[in-house]
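To start, the structure itself, in structure tokens.
The values are calculated or read from the model by the stated rules, or taken from the named source; none is laboratory data. As the structure is a prediction and not an experimental result, all values here were calculated from the model. Here the Cβ positions follow ideal geometry from the backbone for every residue, glycine too, while neighbour counts run over all protein chains shown. Just so you know, the surface numbers come from the protein's heavy atoms only, side chains and all, with ligands and any DNA or RNA stripped out. Shrake-Rupley method; radii C 1.70, N 1.55, O 1.52, S 1.80 Å.
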Amino acid sequence: MRTNYKDISVILVSYKSNFEIEKILKRLNQEIKIYIIENSNNTEIKKYFERKYKNISVILSKENTGQTGGINLGLKQVKTKYCIYMDIDISFKIDLIDKFYDVAESIKDFCLIVPPHNKSNYPEEYKLENDLPQFPNLQKMKIVHGYFMFLNMSAVREVGYYDENIFFYYDETDYCLRIFKKKHKIYILKDVIVKHKEGK
């Protein structure tokens, strides 16, 4: 299936992280709309990226609202069918987004798809009985890590945004449980690799 990149937006939350962002941008198709949420409110960063890249909008947050506030600010800008949030301390192969898009278009009914965690296994109680046996590369989940998230925006609008009272840590757990309560679905796409440095 050919990826329609105009169906996808990407959100990056940053605090003066130009170098890490540039590394990610080299792996993204320039038809993808990209929102950089800059928590430092640095106008020079906004000028730099928006002059250099036609597909990028830099949103200055005015105050550092943390990861949750940054993600929410990005989600409120998104007009596309799908959205990808990714931490800026990750690395991945160029065809990664194509694989997520292909699965998303095939299964339709989901809120969130993520890669496997590269440094830990999920507890068994996080895993749910698979409801798509025709897709052996998917594992249905209750809770997942959120350093790379492929989001179905129609479901996100029903679930709502992140709880900004949770500045950092457990924000993704809270969001996954809200997805679960709304009876939307979360999956791990098992045959992809995203390496996460976890803030290093």
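What pairs come out if I take residues in the range 129-148 that are in contact (Cβ under 8 Å) with a residue 60 or more places away in the chain and of a type in the set (Ser, Thr, Tyr) and pair them with residues that are in a strand (DSSP E or B) and open to solvent by 10 Å² or more (accessible area, probe 1.4 Å) whose C-beta lies under 7 Å away, six or more apart or interchain?
Filtered contacts from the range 129-148: 147/90; 147/196.
Which residue, of 66, 70, 74, 146, is in contact with a Phe, Trp or Tyr (Cβ under 6 Å, 6 or more places away or on another chain), modelled with pLDDT under 95 and open to solvent by less than 60 Å² (accessible area, probe 1.4 Å)?
Answer to the selection: 66.
So which of 110, 100 is touching a Leu at 6+ places or on another chain (Cβ under 8 Å) and either touching a residue at least 40 places away in the same chain (Cβ under 8 Å) or outside any loop (DSSP other than H, G, I, E, B) (or both)?
Only one candidate qualifies: 100.
For the range 7-42, what are the residues that are modelled with pLDDT of 90 or more and open to solvent by 70 Å² or more (accessible area, probe 1.4 Å)?
Once the filter is applied, which keeps residues that are modelled with pLDDT of 90 or more and open to solvent by 70 Å² or more (accessible area, probe 1.4 Å), the range 7-42 yields 23, 26, 27, 30, 31.
What number of residues within the range 151-173 are over 19 Å from residue 127 (Cβ atoms) and either open to solvent by less than 60 Å² (accessible area, probe 1.4 Å) or in contact with a strand residue (DSSP E or B) (Cβ under 8 Å, 6 or more places away or on another chain) (or both)?
Matching residues across the range 151-173 total 11.
I'm trying to understand the selection: among the residues of the range 21-48, which are in a helix (DSSP H, G or I) and either under 15 Å from the mean Cα position of the chain (by Cα) or closer than 21 Å to residue 72 by Cα (or both)?
Result: 21, 24, 25, 43, 45, 46.
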